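The structure appears right after this line, and notes come after that.
The values are calculated or read from the model by the stated rules, or taken from the named source; none is laboratory data. Given the structure is predicted, the values throughout are model-derived calculations rather than measurements. Neighbour counts are summed over all protein chains in view; Cβ atoms, including those assigned to glycine, are modelled from backbone coordinates with ideal geometry.
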Amino acid sequence: MFLMNEKENHMQNLQAIILAAGKSTRFNSDQNKLFEKICGKKMILYATQLLEHLNIPTTVIIGYQKKIMQKTITDYHHNRINFSIQENQSGTGHALICSRDNWHAEHILIMNGDMPLVTNEVIEKLYKEHIASKATISFVTAHSSNNSYGRVIKTNNSIKIIEARNFNGDIHEQCCINAGIYIAKKNFLTEHIDTIKQNKISKEFYITDLIGIASKKNLPITITTAPFDQIRGINTFEELWAAEQIKRAALIKYWMNQGVRFSFAQNIHIDLTVSIGTGSFIGCGVQLLGNTKIGKNCAIHAFSLLNNTILGDRALIRSHSVIENARIDAQTHVGPFAHVRENTHIKSHATIGSFVETKNSTISHYSKVKHLTYLGDTTVGSHVNIGAGTITCNYDGIKKEKTIIKDNVFIGSNNSLIAPLTIHENAYTAAGSVITDNVPPNALAIARARQTNKDGYTQKTPTAQSPEKKSSKTKKKTERTTAEYKDNAPLFVAATLLTQEELNEEP
Ligand code: UD1
Ligand code: CA
């Protein structure tokens, strides 16, 4: 590997061209495959970020869905990357021709855009050997019997690349494949790029013909090798899946070495942008996405999803919780089955229990919202208890209103809190209340109809039935059902695995 200064000096005469205009035909989807994400990062950004990291000025050739492509790249790289346009996608050789106006450096690195696993070392090795050998053109190969790659065919005095669809030989014998990364002298390209012939079958112009052209002219060609896993090209969803498995496995190994325990490492998804504190536990099927930051000694249990969420130390997320764009402080408990939505801030030692949904809300220290609750646009003070089944009614169909619940408040079960509303310190609300007005400090608010008992109701009303009559009717029904059950005994035996003796038994 080069040192930084050495690298800058060495690579000053190098520029890069990324081929990203292709139609992604083999994906059979309606979006450019280079927008597909691998561990949360779009495929094209793997190539552009790699080259930026190596300080190589880069041009991307765009065509299919070019506006979105340009935006995707400039959103990240701003104006640090140039573009060339290939209006009609007539192959990789044709794409390169379309970038001609952007050729300035002495050596030009050309790379497919669909290679997300390429490392710095692969590029550095190619460059070093290209320069050392004074080659006209150099390219990377790997060994694989995968039949979707161009095959490098070497004889005593010639080298050429035969594309997968034109190759009839034995893929196991001819297992040297073309990776899709080349460095060529600019002068060679300028002189020979127009001599690439259109392929008769596909009607495309292949960049790979440049190797055969250089070979025929006896120009020096250098071949470097790389591990197949690092140069995998992505042409199908299956290949995308395989590449993501490799990336994800590397990421999970990294976090394991940082002291993170994974219960089912093979079915956990982590984006590249996530960080996890030492001593944390990640359960089966957990997905950690976006800019999620997990503190130290946290536990995130099975099938929970955290997206753009900051989790403080020792937080406990029970299973099946979905948490997005939220901040959850230290020593909190969330879930199971909680839905913590955007702009939720759960402060330390607070508890959010099962089937609780929150949005635009703050829940302060030591407060408990344990069962079946919705809190929207709500500020909950500390040491508050929210009873089961409580709902903040924050939306009147037109606008959203706020609910403020101050410290030490006790909200009874099954309350509807009609916003805008303030419930002051130490106040209580009775179970089943519909609270429409502010509640003063230390008060008990009861807002429900008072219960009346109508004595002798069942005797006076012909439609009402006594409990006795009801039970005799139920009994008859049960007997009839049992008789039917016996008639159909063989059927039921199969279905329920009861023995004949058990069937004959009187109920
Ligand atoms: C290419 C190579 C093949 C090599 C393989 C490595 C050619 C002809 N073949 O095949 O030898 O083994 O990569 O993965 O180059 N693109 C354009 N414009 C086009 C067509 C493609 O910009 O008109 C871009 C695509 O967006 C893609 C790249 O070029 O990023 C490679 O194209 P792709 O169709 O994937 O080439 P392969 O068939 O994989
Ligand atoms: Ca490809």
Out of (1) polar (S, T, N, Q); (2) surrounded by fewer than 17 Cβ atoms within 10 Å (Cβ to Cβ); (3) in contact (Cβ under 8 Å) with a residue 40 or more places away in the chain, what's the single condition that is false for Asn168? (3)
For the range 327-398, which strands (runs of 3 or more DSSP E) that fit wholly inside it have 3 or more residues that are in contact with a His (Cβ under 8 Å, 6 or more places away or on another chain) and within 25 Å of Asn291 (Cβ to Cβ)? 351-359
Residues that are surrounded by fewer than 19 Cβ atoms within 10 Å (Cβ to Cβ) and at pLDDT 95 or above, at least 3 per element: which helices (runs of 4 or more DSSP H) completely within the range 1-107 meet that? 43-53, 66-77
Go over the candidates Ser148, Ser84, Ser99 one by one and state the one that is within 16 Å of Ile181 (Cβ to Cβ) and either touching a helix residue (DSSP H, G or I) at 6+ places or on another chain (Cβ under 8 Å) or not aromatic (Phe, Trp, Tyr) (or both). Ser99
Among the residues of the range 342-397 satisfying the criterion of being surrounded by 17 or more Cβ atoms within 10 Å (Cβ to Cβ) and acidic (Asp, Glu), which is nearest to the chain's Cα centre (by Cα)? Glu357
All but one of (1) aromatic (Phe, Trp, Tyr); (2) closer than 27 Å to Ser202 by Cβ; (3) away from ligand 1 (no atom under 11 Å from the Cβ) hold for Tyr76; which doesn't? (2)
Members of the range 227-254 found to be away from ligand 1 (no atom under 16 Å from the Cβ) and either outside any helix (DSSP H, G or I) or over 28 Å from Thr92 (Cα atoms) (or both), listed by number: Arg248, Ala249, Ala250, Leu251, Ile252, Lys253, Tyr254
With the range 116-224 as the region, which strands (runs of 3 or more DSSP E) entirely inside it contain at least 3 residues that are of a type in the set (Ser, Thr, Tyr) and under 27 Å from Asp101 (Cβ atoms)? none
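Mind listing whichever residues of the range 11-42 are of a type outside the set (D, E, K, R), within 9 Å of ligand 1 (Cβ to nearest atom) and touching a residue at least 12 places away in the same chain (Cβ under 8 Å)? Reasoning before the result, please.
Initial filter on the range 11-42 (of a type outside the set (D, E, K, R)): 11-22, 24-25, 27-29, 31-32, 34-35, 38-40.
The next check asks that each one be within 9 Å of ligand 1 (Cβ to nearest atom); those that pass are 18-22, 24-25, 32, 34.
Answer for the range 11-42, where residues must be of a type outside the set (D, E, K, R), within 9 Å of ligand 1 (Cβ to nearest atom) and touching a residue at least 12 places away in the same chain (Cβ under 8 Å): Ile18, Leu19, Ala20, Ala21, Gly22, Ser24, Asn32, Leu34.
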